[in-house]
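What follows is one structure encoded as structure tokens, with my remarks underneath.
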Amino acid sequence: MPKMKTHSGAKKRFGVTRTGKVIGRAAHKRHRMTSKSKRMKMEGRSTNILNESDARIILDNFLPYERSKRRKGRQFLKKQQQRTAKAAAKKEAA
């Protein structure tokens, strides 16, 4: 089976966090900024986490190799929870 292609525009615009969530920049920040409120401009400076339905579309269609990162992120979280539970049990035992 041939390699899947990552969409070159999507890889510049979106990223995937360690936990597998898709992040992207805020919209409506290119022009006509004088008509926008101060709050809208301020909140648009940071990156946003996309909701689950949009994230699935991005991962399935445009970033096929990031899906494995998502799986690894879930495994990472599970291991982290186990470590914290062990540490808490050790403190209680001591």
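The values are calculated or read from the model by the stated rules, or taken from the named source; none is laboratory data. What you see is a predicted model, and the numbers here were worked out from it, not measured in a lab. Counting neighbours? That spans all protein chains shown, and the Cβs are built from the backbone with ideal geometry, glycine included.
What the table shows:
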| quantity | calculated |
| --- | --- |
| Residues being surrounded by fewer than 17 Cβ atoms within 10 Å (Cβ to Cβ), closer than 14 Å to V16 by Cβ and not charged (D, E, K, R) - total across the range 43-60 | 4 |
| Long-range neighbours under 9 Å by Cβ, at least six apart or interchain, first residue within 16 Å of T17 (Cβ to Cβ) and in contact (Cβ under 8 Å) with a residue 40 or more places away in the chain within the range 71-94, second of a type in the set (V, I, T) and outside any helix (DSSP H, G or I) | G73/V16; G73/T17; G73/T19; R74/T19; F76/T19; L77/T19 |
| Residues (more than 11 Å from L50 (Cβ to Cβ) and in contact (Cβ under 8 Å) with a residue 24 or more places away in the chain) located in the range 18-37 | R18, T19, G20 |
| Residue satisfying all of: in the range 47-94; modelled with pLDDT of 90 or more and of a type in the set (S, T, Y); farthest from the chain's Cα centre (by Cα) among these | T84 |
